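Worksheet: one structure, shown below.
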Amino acid sequence: MNAAQILTSSEKFHIELGLKRISRILELLDNPQKELNFIHIAGSNGKGSTCAVLEEILTKAGYKTGKFTSPHLFSYCERITVNKEPISDLDFEHLIKKINELDKKFNIELTEFEILTAAGFLYFNEKACDIVILETGLGGRLDSTNVIEKPIASIITSISLEHKERLGSTIEEIAKEKAGIIKKGCPAVFLKENKGYRTLFNETKKKGGLPFETEAVPVKNGYAYFKDGAVKFNLNGAHQGENLALAIKAVEILNKKGFKIEQKTIEEALCTVQWKFRLEFINETTLVDACHNPDGARVLADFLNENFKGKKIKFIFGCLKNKDYKRVLEYLKNVNAQKKICFYEFNYPNALKYSDLIKTENNIEKITDPVFEMNDNNFDLTVICGSIYMLGLIFKGFFNS
C-alpha cells in the first residue's frame with residue numbers, strides 16, 4: 001500500500017484519543033520531538049489562521065519554520081510543511097511506510113493522526129527546524145501532539161461547543177480539555193474575549209503555567225488597526241483580529257526568548273499571509289469558506305451582513321453528518337440578503353446525505369455540480385461553504401495545494 005492507502009485503511013482511519021501509542025512509536029524513533037522548539041496551538045476555531053500568521057512572520061524573519069496542521073484540502077503533504085513548502089511525496093511515502101512498519105512489528109495499532117504526528121516530528125527534526133508551529137487535531141489533553149514537554153508557548157484559540165461526544169457538553173468542559181496543552185512554567189496565550197476565559201485562566205494557574213492574556217485587534221476593510229496605526233492585513237473577516245492578536249502575543253514571547261522578529265517583518269507578513277478557503281474570494285463573485293461548525297457559520301454570516309447586506313446570495317453547502325448542520329444552516333438563513341440555499345452531497349465517508357437533511361430542513365435544493373452553479377448570473381454572490389473535505393473535492397485540479 002502507498003502512504004495514503006495506509007492512512008485511510010480501515011484499521012487506521014479513526015479517532016482514538018490517548019498518548020500511550022504515540023509515546024511508544026516516538027520512543028522507537030528516538031524521540032525526535034525532544035530536539036525541537038514548539039508553539040502549540042489548540043482551540044475550536046481559528047487554529048489554522050493563527051498558525052498561518054505565525055508561519056508567515058517566522059519565515060519572513062529568516063527562521064526555518066515547520067508547521068503541522070489538519071485536515072488537508074488536496075493532499076496529506078499539506079499537513080507537514082517547512083518554510084511554507086509541503087513535504088515532498090517521496091519523503092512522505094518514506095516516513096509513513098517507516099512508521100507503519102514499526103507499528104506492525106511492535107503491534108502498537110496507531111491511528112491515522114498518530115502516524116501523521118510521528119511523521120511530522122521526524123521530518124521537522126531531519127530538516128533541523130528552528131521552530132515548529134504545532135496544531136492539535138482534536139481537543140488537547142489527549143491529542144497525540146500533546147507528547148511535547150515544554151513548548152515555548154501554548155496558544156488557545158476561540159472555544160465553542162464542538163465534538164461534545166468526546167470533549168464535554170459545556171464550554172467549560174471543552175476549554176478544560178483544550179487547556180490540557182498548557183505546561184508548567186510555560187506561557188499560555190489566550191484572549192480575554194474567549195468564551196472559556198475563566199476556565200483557561202484557572203487551568204493555567206493550576207498547572208503552573210504563565211498566563212499571557214490579550215485582546216482582539218480591530219480588523220476591517222483589509223486593515224488591522226493597532227495603537228500605532230493601521231497595517232494592511234490579507235485575511236478577511238473581523239474575527240481574524242482574534243487570531244492575529246494571539247499570533248502577535250506569541251511573537252512577543254519569542255522575542256523575550258531570544259528570537260529577533262522586527263516590527264517591519266511583522267507588517268510585511270500581514271500583507272502576504274494566506275489561509276486557503278477561509279473567507280476567500282476565488283473570483284469577484286465567488287466566496288469560499290470552510291465553516292464546518294456553528295461558530296464558523298456565525299463568522300461567515302457576520303462578514304456577509306457587513307459587506308453584502310441586501311444582495312442576492314446563493315449558498316452551496318455540504319458537511320459531515322456528525323456536525324451541527326442545523327445550527328450552521330440557521331446562521332445562513334438569517335443572513336440579511338435575498339438568498340437561496342443549495343445542498344451538495346459530496347462523496348466522502350460520513351458526509352451528510354440529502355435524504356437525511358430534508359427530514360428536518362425544507363426549501364433546500366440539491367445540486368450535483370457546484371462549479372457549474374458558480375456561474376449563475378442571477379446572483380450577486382455565490383458562497384460555497386461547509387466541510388473542508390467537500391471544498392477539497394470540489395476544487396481539486398483548480399488550485400495548487
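Read-outs: derived from the displayed coordinates by stated rules, not from any lab. Just so it is clear, the structure is predicted and the values come from calculations on it, not from any experiment. Cβ coordinates were reconstructed from backbone atoms using ideal geometry, including for glycine residues, and neighbour counts include every protein chain displayed.
Residue separation of LYS260 and PHE281 scaled by 0.36 nm, minus their Cα-Cα distance, works out to 4.2 nm of gained length. Over the Cα atoms of the chain, each weighted equally, I'd like the Debye log10 I(q)/I(0) at q = 0.08, 0.09, 0.10, 0.12 Å⁻¹, rounded to two decimals. Debye curve over Cα of the chain, log10 I(q)/I(0) at q = 0.08, 0.09, 0.10, 0.12 Å⁻¹: -0.42, -0.53, -0.66, -0.98.
Comparing PRO187, PRO349, PRO211 in a Gaussian network model of the chain, where Cα atoms under 10 Å apart are tied by springs, the biggest mean-square fluctuation is seen for PRO349. Antiparallel beta bridges, as assigned by DSSP with both residues in the chain, represent about 30 percent of the total such bridges. Label point of ASP130 set 7 angstrom out along Cα-Cβ; within segment 209-251, amide nitrogens under 20 Å from it belong to 247-251. Among 305-312, 113-120, 43-50, 188-195, sorting by the average number of other beta carbon atoms lying within 10 angstrom of each residue, highest first, gives 113-120, 43-50, 188-195, 305-312.
With the highest mean first, a sort of the peptides 51-63, 245-257 on other beta-carbon atoms found within 10 angstrom per residue produces 51-63, 245-257. Using a cut-off of under 19 Å, list every residue of segment 24-46 whose amide N is near the label point 7 Å from the Cα of GLU149 along the Cα-to-beta-carbon line. Within reach of a label on GLU149, which here means backbone N under 19 Å from a point 7 Å along Cα→Cβ, segment 24-46 contributes 24-40. Of all complete DSSP H helices in the chain, those with a Cα span along the helix axis of 18 Å or greater and a mean Kyte-Doolittle hydropathy of -1.0 or more are 47-60, 89-106, 112-126, 240-256, 294-307.
Under the criterion of Cα pairs below 8 Å and six or more residues apart, the relative contact order for segment 221-344 equals 20 percent.
Taking every alpha-carbon pair within segment 50-164, the share separated by more than 22 Å comes to 35 percent. Farthest towards the positive end of the charge dipole of the chain, among the residues HIS292, GLY140, GLN274, is the Cα of GLY140, using unit charges on the Cβ of Lys, Arg, Asp and Glu.
Ignoring aspartates and glutamates fewer than eight residues from LYS205 along the same chain, the ones with Cα atoms less than 20 angstrom from its Cα are GLU149, GLU172, GLU173, GLU177, GLU193, GLU213, GLU215. Taking a point 7 Å from the Cα of MET1 along the Cα-to-Cβ direction, the residues of segment 15-30 with backbone N closer than 17 Å to it are 15-16.
Note on PHE13 and ASP228: the extension gain reaches 72.6 nm, defined as 0.36 nm multiplied by sequence separation minus the Cα-Cα distance. Pairs over the 29 Å Cα-Cα cut-off, from the set LYS176/LYS326; LYS20/LYS192; LYS20/LYS256; LYS178/LYS339; LYS67/LYS260: LYS20/LYS192; LYS20/LYS256; LYS178/LYS339. Summary of packing: across the peptides 260-272, 149-161, the per-residue average of other C-beta atoms within 10 Å ranks them, highest first, as 149-161, 260-272. In straight-distance terms, cross-link reach from LYS97 covers every one of the lysines whose alpha-carbon lies under 18 Å from its own, apart from those fewer than eight places away in the same chain; here that gives LYS12, LYS105. Can you spot the lysines whose alpha carbon is less than 23 Å from LYS333's alpha carbon? Ignore those fewer than 8 places along the same chain. The qualifying lysines are LYS309, LYS311, LYS312, LYS314, LYS321, LYS323, LYS353, LYS359, LYS366.
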